[in-house]
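Here's the structure we're looking at; comments come further down.
The values are calculated or read from the model by the stated rules, or taken from the named source; none is laboratory data. Small disclaimer: the values here were computed from a predicted structure and weren't measured. Don't worry about glycine lacking a Cβ; one is built from the backbone with ideal geometry, like all the others, and counts go over all protein chains shown.
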Amino acid sequence: MATVGGARRPPPETLEEIHMSQQTTEVPEELARLAQERDFPLDLVRRALALGFSPGAVRAQLLRGISPQEAEEFLAQQERLRAGEEVEVPEEITQMARKRRWPAGLVQRALRAGFRLSEVRAMLDAGLRFDQAERLVIIRERSQERQREGGEGRQRRTELPWMNVRTEWGVRVRPGKKGLTLGSLNVGTYGDVPDYWPYQTEMPRGAYHNPGAPPMGYTIYEKAELWADNAADLYEEAIQRQWKPATAIPWDDIAALPEVQERALAQLCTYLCQNALVCSDVIGRWLKEMSYGYHEVKVYMATAGFDYARHFDVFRKRAYLNGIGMGRQSPGYYLRVIKDARRWTEAATLLFIFNSSYVLHLCQVGYYAAGSEGDALIFRLAMQDLARQTAYGVKHLQYFLMRKPENREEVHTCLQRAESLFAYEDDKDPTLQEALIVLLGGGLGEEELKRGWALLNYFRRRWLRDYLRRLEAAGLPERRDRLFPYLRQWAPAPAAAR
Amino acid sequence: MAIDQDMLHQLTTQEDLPELDLSWLRPEDRARVEATRLRPGRKGLTLDTLEAGQDLPDASDDYTARPRGAERHPAAARHHLYYPLRHETWSDNVRLLYEEAVQRQWSSATDIPWHTLRPLPDDVERAWCQFATFLTEVEFIAGDTPGQWLERINPEWYEVKLFLLTQIMDEARHLDVFRKRALANGGGLLQESGGGGLRIILECQDFSEFSAIMHVFAEALVQTLFRSGEALAYNEAEKAIFRLCAQDESRHIAFGVMHLKHILETQPWRREEIHYYLDKIEGPLSLDMQSGASANAPLFDEAIMVLAGGGRKNIDKGFDFLMNLRRRQVLEYLHRLEVAGLPERRYRMNPVLRAFIET
């Protein structure tokens, strides 16, 4: 190796120095072995090292399969350049460089930086502008400097500014009983979730801000507008409890129900599919609005979106399983209210408290009417996912109302809108309601329909009870008295299920 | 779930049954479905099995939220102006990719052998933390972007929506796992990057633009990096992170490549438009790719060099690794474009990238 007393020595500058250096340069054993294996003259290796190229760079060239002729041409060129001579550039390349408006001297500079003539020609062929070519040359020059510089220079160069930014150095998060969870990362300053996130960039919370980073166009910067204390835990729970519609359901064991009930179930599944698709659209629309200071909420929303995907998947498969397929679409009026939300808290309250409560009750109906273990499992797994969603909805609304009590009436306005449009849709389109009656009653006979109607009312009372309880837990107990009149028909407490 | 029988009797006698319409039960009003029972295959009951033999329309003038195959409701509300043509968002492998994504979910909390993390030399640990900080940022964008397309995709082609939802899930896990790595070994998050190039992904105005830029270009670069992770990993935990993330990225790229192929086959007049999108992304991001001292993201490149070199004193070795990585990234990107049916990109690529593989 070209070293003096263990330190790298400066590269030779004159032809005499180069020749001297070549005589005294030692080739590392490993490199010599590689050259021998490749049938590559050791002399050329020695010349390259004498010019200051690192053993690593030479080794890379050997591995790349450089031929001795190519190496000879290149080294001779480098030796001439080092000795202050210019390399003769073919007229054709000079012309091309002129045509590309490369400044005079850039070709020579490229050659001095270690490019071969063929490489310069390739750069010109590729259409590189002068500034682009110069970038490549600069990179190569820096690389050469690195190979040539002494210990001090190397030390200076390796002082990387980002290595010195402030962190919670030494604070180590250990995996707990549930593994290394997102919530457990919130230690030291990383646990400080600010009330207002001041950065419009993609900076993760706890990183060191780069003042040159561009804004990303989020609109939610206030913790009260999206936060829920349970978001991180719900995220981890959602991941642990993910299930697979294709394989988790014993599809072969789900026998067909009598045709009318099978059709009613398919109708319920059609509604649930439509509902899941619209809800996932809502999440997709809002994700990009949430700034990165509150990543726990963003990643939880990703799991909620994935839940909806699986719900669509499993309910569609169930609808088609026994040869029925999709039923009639719902008019989608009240789902539009969720889509039309203009504030995340509005969307989240409607999505995760009003709608999830409603869909939970539909799943309870499906679970009750299930004719097989497989059907029961489908609805049970969906309910498990929906329970997480209501948990986020309640905790977020609670947080929002505690921080922004002045917005309480606004929340009522949103709920009023959703409740009234739900009533409008329920009244105008009896399809789903009738399907539930048939499913719960077990057929189209008069007694069966009566029984189905009674049971539906039972489940709707349960739904209203749970919906109002959730709002109460979120800090909105007065909703019970302000419920939209149509829904009050189910407001009385239902009988207890056992 | 059982209900008290007395209460049920009381409810049955109290409630008057309303008049029922039951028109939804008339099978003649429905789209015809082959009335055969679906049988799960070796991979369970997959979307491919479900949709085999069903019509897959190429166009739709329905702007409601109607799932494919459902009977239209005459008074249904419109939800959004979706893409009216299947080709605009479709990819022939989308069902397969969705099912694979569902099957291959993993947990950053429990599937990474975090116990194998050991204290590293300070410079290496800091480099890992800088590397992880940057990737956390990248994954934020990658998670936000697919979401904005969901409401523009017609429910007729729900498969694409489902796939994008799996991608959002994947990206959430990626940002989470890199954040965990940064904090799990005593380092922490370091400096935010410049980030300008990534914003182009958020700015897309068309689905195919988004897919070409994000799936085919940006994720392809990340995928090559993850697959080269062996050189950057110092323990089994880091190896597992790279392996699992790369597995997810493969699906996203596969979607993008096949979507691009589909577009080029069904809408060949869009070829030049696609080149424009690639020109757009190759320009700014190629600055990042070119050097260990580029203006946009030197810290990421530098972190890679320190990690690959085994410390900042061996940054030269790391530089060689970085340059080889960049070359591989460009070559793999070109290969994917060839598969998609855009082989001429090799000659039309941003000259900086092209020179990178030719010099």
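At a glance:
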{"item": "Some residue of the stretch B:75-89 being farther than 30 Å from A:T431 by Cα, more than 8 Å from chain A (Cβ to nearest Cβ) and surrounded by 19 or more Cβ atoms within 10 Å (Cβ to Cβ)", "result": "yes"}
{"item": "Residue in the stretch A:415-432 that is assigned to a helix (DSSP H, G or I), within 39 Å of the chain's Cα centre (by Cα) and farther than 26 Å from B:A76 by Cβ present", "result": "no"}
{"item": "Residue list for the stretch B:139-155, filter: more than 7 Å from chain A (Cβ to nearest Cβ), surrounded by fewer than 24 Cβ atoms within 10 Å (Cβ to Cβ) and in a helix (DSSP H, G or I)", "result": "B:W149"}
{"item": "Qualifying residue in the stretch B:332-351 (condition: within 8 Å of chain A (Cβ to nearest Cβ), more than 16 Å from B:A231 (Cα to Cα) and part of a helix (DSSP H, G or I))", "result": "yes"}
{"item": "Criterion: within 30 Å of B:L299 (Cα to Cα), touching a residue at least 12 places away in the same chain (Cβ under 8 Å) and of a type outside the set (K, R) - qualifying residue of A:E262, A:E222, A:E237", "result": "A:E222"}
{"item": "B:I168 vs. criteria of a type outside the set (F, W, Y) and more than 7 Å from every other protein chain (Cβ to nearest Cβ)", "result": "no"}
{"item": "Test: B:Y98 is within 22 Å of the chain's Cα centre (by Cα) and more than 10 Å from chain A (Cβ to nearest Cβ)", "result": "no"}
{"item": "Some residue of the stretch B:115-126 being buried (at least 24 other Cβ atoms within 10 Å of the Cβ), on the phi < 0 side of the Ramachandran plot and part of a helix (DSSP H, G or I)", "result": "yes"}
{"item": "Residue within the stretch A:308-325 that is without any contact (Cβ under 8 Å) to a residue 60 or more places away in the chain, under 19 Å from A:E425 (Cβ atoms) and not in a loop (DSSP other than H, G, I, E, B) present", "result": "no"}
{"item": "Members of the stretch A:247-277 that are within 32 Å of the chain's Cα centre (by Cα), surrounded by fewer than 24 Cβ atoms within 10 Å (Cβ to Cβ) and β-branched (V, I, T)", "result": "A:T247"}
{"item": "Residue count, the stretch A:113-128 (criterion: part of a loop (DSSP other than H, G, I, E, B) and either surrounded by 18 or more Cβ atoms within 10 Å (Cβ to Cβ) or more than 7 Å from chain B (Cβ to nearest Cβ) (or both))", "result": "6"}
{"item": "Unmet criterion (only one of (1) buried (at least 17 other Cβ atoms within 10 Å of the Cβ); (2) at pLDDT 85 or above; (3) part of a helix (DSSP H, G or I)) for A:Q78", "result": "(2)"}
{"item": "Scope the stretch A:129-148; condition modelled with pLDDT under 80 and more than 10 Å from chain B (Cβ to nearest Cβ); matching residues", "result": "A:E141, A:Q144, A:E145, A:R148"}
{"item": "The listed residue being of a type in the set (D, E, K, R) and under 47 Å from the mean Cα position of the chain (by Cα), out of A:R59, A:R33, A:R46", "result": "A:R59"}
{"item": "Scan of the stretch A:433-481 for residues that are outside any helix (DSSP H, G or I) and surrounded by fewer than 19 Cβ atoms within 10 Å (Cβ to Cβ), ordered by number", "result": "A:G443, A:L444, A:G445, A:G475, A:P477, A:E478"}
{"item": "Number of positions in the stretch A:191-209 that are within 7 Å of chain B (Cβ to nearest Cβ) and surrounded by 21 or more Cβ atoms within 10 Å (Cβ to Cβ)", "result": "6"}
{"item": "Selection count where residues are touching a residue at least 40 places away in the same chain (Cβ under 8 Å), of a type outside the set (D, E) and out of contact with any Phe, Trp or Tyr (no Cβ under 8 Å at 6 or more places or on another chain), scope the stretch B:314-333", "result": "4"}
{"item": "Boolean, A:T345 is of a type in the set (V, I, T), modelled with pLDDT of 95 or more and surrounded by 24 or more Cβ atoms within 10 Å (Cβ to Cβ)", "result": "no"}
{"item": "Criterion violated by A:S330 - all others in (1) out of contact with any Asp or Glu (no Cβ under 6 Å at 6 or more places or on another chain); (2) under 23 Å from A:V411 (Cβ atoms) satisfied", "result": "(2)"}
{"item": "Positions within the stretch B:146-173 being closer than 21 Å to B:L225 by Cα and not acidic (D, E), in sequence order", "result": "B:Q167, B:I168, B:M169, B:A172, B:R173"}
{"item": "Residues that are without any contact (Cβ under 8 Å) to a residue 12 or more places away in the chain and farther than 19 Å from A:Q329 by Cα, drawn from the stretch A:411-435", "result": "A:T413"}
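Table: residues versus (1) assigned to a loop (DSSP other than H, G, I, E, B); (2) closer than 23 Å to B:Q148 by Cα; (3) facing chain B (nearest Cβ under 7 Å); (4) of a type outside the set (D, E).
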{"residue": "A:M216", "(1), (2), (3), (4)": "yes, yes, yes, yes"}
{"residue": "A:W227", "(1), (2), (3), (4)": "yes, yes, no, yes"}
{"residue": "A:E236", "(1), (2), (3), (4)": "no, no, yes, no"}
{"residue": "A:W243", "(1), (2), (3), (4)": "yes, no, no, yes"}
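Here's the yes/no breakdown for (1) away from chain B (no Cβ under 14 Å); (2) in a helix (DSSP H, G or I); (3) modelled with pLDDT of 95 or more; (4) under 28 Å from the mean Cα position of the chain (by Cα):
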{"site": "A:C363", "(1), (2), (3), (4)": "no, yes, yes, no"}
{"site": "A:Y368", "(1), (2), (3), (4)": "no, yes, yes, no"}
{"site": "A:L377", "(1), (2), (3), (4)": "no, yes, yes, no"}
{"site": "A:A387", "(1), (2), (3), (4)": "yes, yes, yes, yes"}
{"site": "A:V394", "(1), (2), (3), (4)": "yes, yes, yes, yes"}
{"site": "A:F400", "(1), (2), (3), (4)": "yes, yes, yes, yes"}
{"site": "A:N407", "(1), (2), (3), (4)": "yes, yes, yes, no"}
{"site": "A:E410", "(1), (2), (3), (4)": "yes, yes, yes, no"}
{"site": "A:T413", "(1), (2), (3), (4)": "yes, yes, yes, no"}
